[in-house]
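Chemist: Have a look at this one.
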Amino acid sequence: MARAAVENGKNMNVATSFMKEHAAFVRVALTLAVVFAWCVAWYFPTAVEIASIWWRSETYAHGLVVLPVFVWLVWGKRDRMGGLTPQAIPLLAAPAALAGFLWLLGKLVSVAAAAHAGFVLMLVIGMVAALGWQLSRVLLFPLAFLLFGIPIGDFLLPTLMDFTAEFTVWALRLSGVPVYQEGLHFVVPNGRWSVVEACSGIRYLIASLMVGSLYAYLNYTKLRKRLLFMLVAILVPIVANWIRAYMIVMLGYLSNNELAAGVDHLIYGWVFFGVVIMMMFWIGQRWSDPESLTKRGEGAASPKMPAYWLRLLPVAAVIAITSLVGARVDAPSDQIEVSYALPAPLDGWVEGDLSTLAYRPHYSGFRAQKESAYRDAEGGMVMLYSALFADQREGAEMVAWGNGLVSPGNNRLNVISMRGLITPFGVLNNAQIIGEGERVLVAHWYVVNDKVVTRDWELKLRLAGDRLLGRPDATMVFVLATPASDEEEGVRRLRAFVSTYGESLKRVFANVETKVADGR
């Protein structure tokens, strides 16, 4: 027992010595922990969403190390904290409110990226407000590093996929390989290839950006060098992914598709990317700055706790109130039923046979959907697809991942975007769908509050406004599809259909019948 008492005494002395030696770090750590706990407590579902994305998504798996690296970076700055003490900044309640509004907007229109970004921004702003300007300046990079925890970047997928496909085709032709290309699909003499989401390079780009920023922070002291290396960290993975895609297709072409397929496809990609990143770091090391002497901070005296928490109260209140408003606005409502009818054949058009066209758009979460076929005097057919969404919530909203002209993961269909289709109804979104033995010309648009909308972001903003003002959020999507063996003829047919049925389609939305499911 005496030996145990001695050991306990030693442990207490070690803890006391640590507290005295690193008093500033302990104060900062406790402050950050309190802010973190406060934000997570009010936005626990959002925090869980972010953590689950880190866990299940290979693209955003880097988020799992963001918090540990943040703690390590703060620990590394312990000597810079010196006599600095937290000084609350009540004026940051305004930026916190803006971040809270971004979170609320994301929840209202089911844009997860906006909700996640708003939450992380509130967390960072809350930490700055609790630390004060002097400590926040010391911990500027660690605080900014938390932004890598936002699982965002999917909006870059279409652009990155297009660039990868164009470079691969260009490089193959430069190598003397004949290629026939249609959008993201291309054919070489001994095989067919497609640029899918895994080929976009988004994983490489995000991982390189995070690791590159950490490398620049640890190895450079001059801002110019840090920004230059960050630019390299963005460009290198993009170009490396282009070269990776070209090498995979060339390996398949030269080996008659015995190599660079299946698992080998991914192994070559990650190994190649790892080598490229190591080379980037090796080159960057040549211009690294020598370590500068650590300068201890000198700050104001420690504030009295009651006064400190009173000054922090406005920011804490904004964070809490925004969460309460979001819970009220997003509260579940009564189940509703909707019904509507598509227009009957008009002015020389007759009923067509839907079975003659295999293509269908992919929408889920709707309250009702209908489709019909029409045939003109020359025998050309137009399919009309419609889906109605109302009382939209997560999993039941019109503009969401998975909803669109083609279902996600369907690599058999190739979507080729075209210029907007000019019609008497307005300029509509236009595309060609190629695959499964047919070529289809497609036009689609949305209707919200009797207004035609063609851009997803505009629709989301209108829906957010309606939700905030308590107005109904019923919207419809219309998709027209016609066989496009002759593109000019297909365009003419779609224009003629819209010219004939434009007013009738407007009345479809106006005549939607809505009622509560229990009949009240």
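The values are calculated or read from the model by the stated rules, or taken from the named source; none is laboratory data. The shown structure was predicted, so the numbers you read here are calculated from the model rather than taken from an experiment. When we count neighbours, we look across all protein chains shown, and the Cβ atoms used for this are built from the backbone with ideal geometry, even at glycine. These area figures cover heavy atoms from the full protein model, side chains too; ligands, DNA and RNA do not enter into them. Shrake-Rupley method; radii C 1.70, N 1.55, O 1.52, S 1.80 Å.
Chemist: Among (1) modelled with pLDDT under 80; (2) under 30 Å from GLY326 (Cβ atoms); (3) open to solvent by 20 Å² or more (accessible area, probe 1.4 Å), which single condition is GLY420 missing?
Modeler: Unmet condition: (2).
Chemist: Could you check, for segment 62-73, whether at least one of its residues is in contact (Cβ under 8 Å) with a residue 60 or more places away in the chain and touching a Lys or Arg at 6+ places or on another chain (Cβ under 7 Å)? Walk me through it before giving the result.
Modeler: Here is the first cut: in segment 62-73, the ones in contact (Cβ under 8 Å) with a residue 60 or more places away in the chain are 62-63, 66-67, 69-70, 73.
Filter again for touching a Lys or Arg at 6+ places or on another chain (Cβ under 7 Å), leaving none.
Taking every residue of segment 62-73 in turn, none turns out to be in contact (Cβ under 8 Å) with a residue 60 or more places away in the chain and touching a Lys or Arg at 6+ places or on another chain (Cβ under 7 Å).
Chemist: Spot the failing condition for SER372; the list is (1) among the hydroxyl-bearing types (Ser, Thr, Tyr); (2) surrounded by 14 or more Cβ atoms within 10 Å (Cβ to Cβ); (3) outside any strand (DSSP E or B), and only one is missed.
Modeler: (3)
Chemist: Restricting attention to segment 423-456, and to residues there that are outside any strand (DSSP E or B) and modelled with pLDDT of 80 or more, which single residue is surrounded by the fewest Cβ atoms within 10 Å (Cβ to Cβ)?
Modeler: Here the residue is ARG455.
Chemist: I'd like the full set of residues that are among the β-branched types (Val, Ile, Thr) and either modelled with pLDDT under 85 or surrounded by fewer than 20 Cβ atoms within 10 Å (Cβ to Cβ) (or both), limited to segment 375-414.
Modeler: Residues of segment 375-414 among the β-branched types (Val, Ile, Thr): 382, 399, 406.
Correct list: VAL399, VAL406.
Chemist: Additional query: I need the full set of residues from segment 231-260 which are part of a helix (DSSP H, G or I), over 27 Å from GLY284 (Cβ atoms) and open to solvent by 10 Å² or more (accessible area, probe 1.4 Å), in order please.
Modeler: MET250, LEU251, TYR253, LEU254
Chemist: Every residue in segment 35-82 that is among the β-branched types (Val, Ile, Thr), surrounded by fewer than 16 Cβ atoms within 10 Å (Cβ to Cβ) and over 22 Å from the mean Cα position of the chain (by Cα), please.
Modeler: VAL71
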